[in-house]
Amino acid sequence: MARSRQLKIETMSLIAPSDQEKLREAFAEMTSNVRLLFFTQTLGCETCPETRQILDELPPLSDKITIEEVNFVLDKDKATQYGIDRVPAIAVVAANGQGTGASDGIKDSRIRFLGTPAGYEFMSLVHAVLLAGGRPLSLTEKNRERVMAVATPLTVQVFTTPT
Amino acid sequence: MAFVSPNITAFAVEATEYPDLARKYQVSGVPKTVVNDTVEILGALPQDAFVEQVLSAAAPREVG
């Protein structure tokens, strides 16, 4: 006997239906699974719930995108590993295994987001997901070679505002 | 660039949410890019120029 399943009705999405469709199409091209490591804490983080809400918009649009919540207070090791010193923060990693180690197919994109990815930042996040998901680079061949030749650690911080 | 080089890590920082960082790096307009606390790039640049600027933080002394 088949039991009818109650479908969750999407009533409170932050993304307009037409944009959801565009994102769904873009994500459909992904060849790698992408995991968003969401560093958060329960207390003293005003914008963490909003960030979680935004992130939660993505997995329904692609079965290749998952969110892993990391407790910033309890899981300091992971925060250190990903160079995260404040929350909310997001690390974008390609994840083709089940586990969380390098041997499980985790490839860190080394792209991080500090603060709520709203407005333009949301599009940046989408681009980072697509990149980690296997989309061809926008770098020209010449620039790619130059970047690959970098031998010293570089930390690039790009400051933006939501609007 | 971060995706290509294991030596590059990129942070997109929401400036209004982290005023301490915005102050530290004197962010008065966006986008503003800071590389290793030494190179500052204001505004958006064409790709070649942007790559050039970012990499200049890695090579303070050009050889050849």
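Please compute the average number of Cβ atoms from other chains found within 10 Å of each residue's Cβ in peptide B:28-39.
Details: counts 1, 2, 7, 5, 4, 5, 5, 5, 6, 2, 1, 2.
If you average over the peptide's residues, the count of other-chain Cβ atoms is 4.
Backbone amide hydrogens, once placed in the peptide plane, bring A:LEU154 within less than 5 Å of B:ILE8, B:THR9, excluding anything fewer than 5 places away on its chain. For segment A:10-64, GluC sites (Glu not before Pro) are listed when DSSP marks them as loop and at most 10 other Cβ atoms sit within 10 Å of their Cβ; the list is A:GLU46. Among the listed pairs A:LYS142/B:LYS32; A:LYS22/B:LYS24; A:LYS76/A:LYS107; A:LYS22/A:LYS107; A:LYS78/B:LYS24, a Cα-Cα separation exceeding 29 Å is found for A:LYS22/B:LYS24.
Computed over every Cα-Cα pair of segment A:40-121 and binned at 5 Å starting from 0, the pair-distance distribution P(r) comes out as 3, 13, 23, 27, 21, 10, 2, 0 percent.
Each residue of segment B:32-41 was assigned a 3J(HN,Hα) from its phi angle through the Karplus curve 6.51 cos²θ - 1.76 cosθ + 1.60 (θ = phi - 60°); the sequence is 10, 10, 10, 10, 6, 6, 10, 10, 10, 10 Hz, with glycine and proline shown as x.
Placing one equal scatterer on every Cα of the protein assembly as shown and applying the Debye formula, the log10 ratio I(q)/I(0) at q = 0.12 Å⁻¹ is -0.69.
For chain B, just say rounded, prolate or oblate: build the C-alpha gyration tensor, square-root its eigenvalues into a ≥ b ≥ c, call rounded for a/c under 1.5, and beyond that prolate if a/b exceeds b/c, oblate if not.
Prolate.
Modelled this way, with points 7 Å down the Cα-to-C-beta line, the labels at A:GLN20 and A:ASN96 are 3.1 nm from one another.
Laboratory data are not the source of any read-out in this text; all were calculated from the coordinates shown. Values in this document were obtained by computation on a predicted structure and should not be read as measured data. Every residue, glycine as well, gets a Cβ built from its backbone with ideal geometry; the counts of neighbours run over all protein chains shown.
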